[in-house]
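The values are calculated or read from the model by the stated rules, or taken from the named source; none is laboratory data. Source: prediction; values computed, not measured. Backbone-built Cβ (ideal geometry, glycine too); neighbour counts: all protein chains shown. For accessibility, only protein heavy atoms count, side chains too; no ligands or nucleic acids. Shrake-Rupley method; radii C 1.70, N 1.55, O 1.52, S 1.80 Å.
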Amino acid sequence: MKPKTVGRTDGELAVLAPVDTSGLLAESIILTLDGERRITDLRPGDRVITRDSGFAVLENVTQRETRTRAVRIKAGSLGHTRPERDVTLPAAQPILVRDWRAQALFGASRALVPVERLVDGEFVTLDPDTTTMTLYTLDFAAPHLIYVDGLELSSSADMPLTARVV
């Protein structure tokens, strides 16, 4: 039996690069040195407060549309005022978990995991269908853990593997 090489002239298998479906929605509130600001109001040069380095200088804000599943988190369901309001995130958005859930679910005191790993069906729910989302990504010199709506989220899906469980 021959491997499936449809569309390839060199006989190699076609492998698609993974699609980054992490990011933040337009209504996301980011903690900066100038206070809380909507992601759409951020500009290069703004100083964003981070968990891992105090603050980081924003280099760029990128925007893109993608199809992905959404995770909805009810206000206060991940701790007192965490998140501060109901939040919707793409399922692959990395979130830092550092309470009893980290130990119970991942066997560590803290873990950086896709938010879809926290779905419980009641307070953290996964939409059954994919939807088109306009996602914003904050670009820094290196990935950081940033404060978004009272949650600690990774600024990039490319955060080093060594930081995945911190």
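Amide H contacts of E152 (H built 1.01 Å from N, in plane; Pro and chain starts excluded): L96 sit under 5 Å, all sequence-distant by 5 or more or on other chains.
Couplings for segment 62-77, taken from phi via the Karplus curve 6.51 cos²θ - 1.76 cosθ + 1.60 with θ = phi - 60°, read 10, 10, 7, 9, 8, 9, 7, 8, 9, 10, 10, 10, 6, 3, x, 7 Hz in order; Gly and Pro are left as x.
Can you pull the one-decimal nm distance between simple spin-label points at E65 and D158, each 7 Å off the Cα toward Cβ? Result for the modelled spin labels: 2.5 nm.
Solvent-accessible area of I30, all protein chains in place: 0 Å² (probe radius 1.4 Å, heavy atoms, ligands and nucleic acids excluded).
Extension gain A141-E84, at 0.36 nm per residue separation less the Cα-Cα distance, in nm? Net length gain for the segment: 17.7 nm.
Measuring only protein heavy atoms, the 1.4 Å probe finds D41 accessible over about 80 Å². Amide H contacts of H144: S155, S156, each under 5 Å away and 5 or more positions distant or on a separate chain (H built 1.01 Å from N in the peptide plane; Pro and chain starts excluded). Projecting the Cα positions of T88, L118, G76 onto the charge dipole of segment 21-138 (unit charges on Cβ atoms of Lys, Arg, Asp and Glu, taken about the Cα centre) puts L118 furthest along the positive direction. 3J(HN,Hα) along segment 43-50, derived from phi through the Karplus expression 6.51 cos²θ - 1.76 cosθ + 1.60 where θ = phi - 60°, amounts to 9, x, x, 5, 9, 9, 6, 10 Hz, with x in place of Gly and Pro. For T32, the residues whose amide H sits under 5 Å from its own are R37, I49, ignoring neighbours fewer than 5 places away on the same chain, with H placed 1.01 Å from N.
Would you mind putting 126-137, 86-97 in packing order, based on average other-beta-carbon counts within 10 Å, highest first? Before the final figure, lay out each step's value.
Working: 126-137: 13.7, 86-97: 22.1.
Listed from highest to lowest mean packing, they are 86-97, 126-137.
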